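**Student:** Dropping the structure in here first, questions after.
The values are calculated or read from the model by the stated rules, or taken from the named source; none is laboratory data. Note that the structure is a prediction, hence the values are computed from the model and not measured. Cβ placement follows ideal geometry from the backbone for every residue including glycine, while neighbour counts extend to all protein chains displayed.
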Amino acid sequence: MSKKNATKNKRSEALQLQLVRSTKELVRPHLLQTVIALGLEEILEIVEEDRTRLCGAARYNRDDMRRAYRAGTAPSELVLGGRRVSVPRPRVRNDDGEVELPMWKQFAAEDPLEERAMEQMLVGVATRKYKRSLEDVGDAVKTRGTSRSAVSRRFVVGTEKRVKNLLGRDLSELDIVTLMLDGMECGEHVVLVALGIDAKGEKHVLGLQEGATENSTACKRLLNNLRERGFRTDRSLLVVIDGSKALRKAVSDVFGKRAVVQRCQEHKIRNVTELLPQDMKVMVRRSMQDAYRSNDRNRAKKLLENLARTLEAAHPGSAASLREGLDETLTVVAMNLSSTLTRTLATTNPIENLNGRVRQISRNVKRWHNGNMVLRWAAAGLLEAEKTFRRIRGHRDMPRLVAALRHCDAALDDTLVPADDVA
């Protein structure tokens, strides 16, 4: 091949490649619109087949066996891609009036639109940006239902259902051995959340309660609600809480001596160090952590009491904070559990991580209008976070925790529990 022909062939290949690229660039923006248009045509064909089964294949002919007759079309809408699109609805009538086509009823269902709005909001899409988050269907299709108010209405309906679902769960079948309680602030409101851990180490969102503050009344309402839904209060249960006196009182009122209370060690460290000058915080934090990591409860208590005596002269407030409720910060240390499970159950970190997920989901909320709004967002966030739950760290050692709790039952009932039941 001559040099001239080779150059000509290269130019031809370059032109073909450029043509293919130009064609792709022209087709790509219109591909989705084309697919949507074809999809709408297919839907109308399926509905027309439904109408044919009722009215017969032949039009404008007398048929004594015909159960209904065609009545033209009427403007209507279908849910598509997170919005409502305008399409003509085939009509069917009989002697009694309008006949509903089963396939049209299925295609026109509202639920997909509600779920799409819920999903978009929960992944962080603001209502004012909802329309921008959807695929472009082109100008040929008339759409609506993507305004800020429309999306907000759907989200309200969806979250109300989630609140009802969460607060109506039957808890009688759950073998919960650990209950974690913590409050979460949403503007002027506080939401109390209950997280349960069963004998296998699986986590379960049990319930929530809204209140103006984390007071004893709101706490008792939450715990009583759990009991009404089947939560057992007739056997010993490890209850992990922060330093809230209101929570402690409510737990004692509802569970009595069956509550084996573990106060969060991390909250205790934070409360003690906040009362100290900056140059002492690191040293005291490290000393308390070393004591809490001890597998010997007596040794841990001795270390902490020595630290309190050291702080008492110069920082009496910090020393008093350390002594307050000291025994309850060492509850799980005395149960002879693995170090991993002890660290997991000695703090409220599992439920605080859950609450943090709710805060992340609701980060676009600028103003909390009322308590119902707080409950709706909290329930939606909790149920969304629940989808990613895994068993707690140290879950393989849960049988030892169960055995320790059944031993507490034996001591309270003044009876012996058979070894097979403990295992």
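**Student:** Being basic (Lys, Arg) and surrounded by 15 or more Cβ atoms within 10 Å (Cβ to Cβ) is the filter; apply it to the range 280-322 and report the residue that is nearest to SER338 (Cα to Cα).
**Tutor:** Checking each candidate, the answer is ARG297.
**Student:** While we're on this one: Which of the residues that make up the range 357-373 are charged (D, E, K, R), closer than 21 Å to THR388 by Cα and not in a helix (DSSP H, G or I)?
**Tutor:** Passing the criteria: only ARG363.
**Student:** A further question on this structure: Checking ARG11 against (1) in the same structural domain as ALA150 (by TED's automatic domain parsing); (2) of a type outside the set (Gly, Ala, Ser); (3) modelled with pLDDT under 70; (4) surrounded by fewer than 15 Cβ atoms within 10 Å (Cβ to Cβ), which test does it fail?
**Tutor:** Going through (1) in the same structural domain as ALA150 (by TED's automatic domain parsing); (2) of a type outside the set (Gly, Ala, Ser); (3) modelled with pLDDT under 70; (4) surrounded by fewer than 15 Cβ atoms within 10 Å (Cβ to Cβ) one by one, ARG11 breaks only (1).
**Student:** Please count how many residues of the range 236-267 are free of Cβ contacts under 8 Å to residues at least 40 places away in the same chain, among the polar types (S, T, N, Q) and touching a helix residue (DSSP H, G or I) at 6+ places or on another chain (Cβ under 7 Å).
**Tutor:** 0
**Student:** Here's something else I'd like to know. Scan the range 156-184 and report the pairs whose first residue is in contact (Cβ under 8 Å) with a residue 12 or more places away in the chain and within 18 Å of ASN224 (Cα to Cα) and whose second residue is of a type in the set (S, T, N, Q) and part of a helix (DSSP H, G or I), with Cβ atoms within less than 8 Å and a gap of 6+ or a chain change.
**Tutor:** Correct list of pairs: LEU167/ASN225; ASP182/ASN355.
**Student:** If you don't mind, there's one more thing I want to ask. Are any residues in the range 337-356 within 15 Å of MET184 (Cα to Cα) and not in a loop (DSSP other than H, G, I, E, B), and if so, which ones?
**Tutor:** ASN349, PRO350, ILE351, GLU352, ASN353, LEU354, ASN355, GLY356
**Student:** Tell me whether the range 292-314 contains one or more residues that are under 35 Å from the mean Cα position of the chain (by Cα) and part of a helix (DSSP H, G or I).
**Tutor:** Checking the range 292-314: at least one residue is under 35 Å from the mean Cα position of the chain (by Cα) and part of a helix (DSSP H, G or I).
**Student:** How many residues are at pLDDT 80 or above, within 28 Å of ASN364 (Cα to Cα) and either in a strand (DSSP E or B) or more than 21 Å from the chain's Cα centre (by Cα) (or both) when one looks only at the range 143-182?
**Tutor:** 3
**Student:** Quick check: anything in the range 376-398 small (Gly, Ala, Ser), at pLDDT 90 or above and assigned to a loop (DSSP other than H, G, I, E, B)?
**Tutor:** Yes, the range 376-398 contains a residue that is small (Gly, Ala, Ser), at pLDDT 90 or above and assigned to a loop (DSSP other than H, G, I, E, B).
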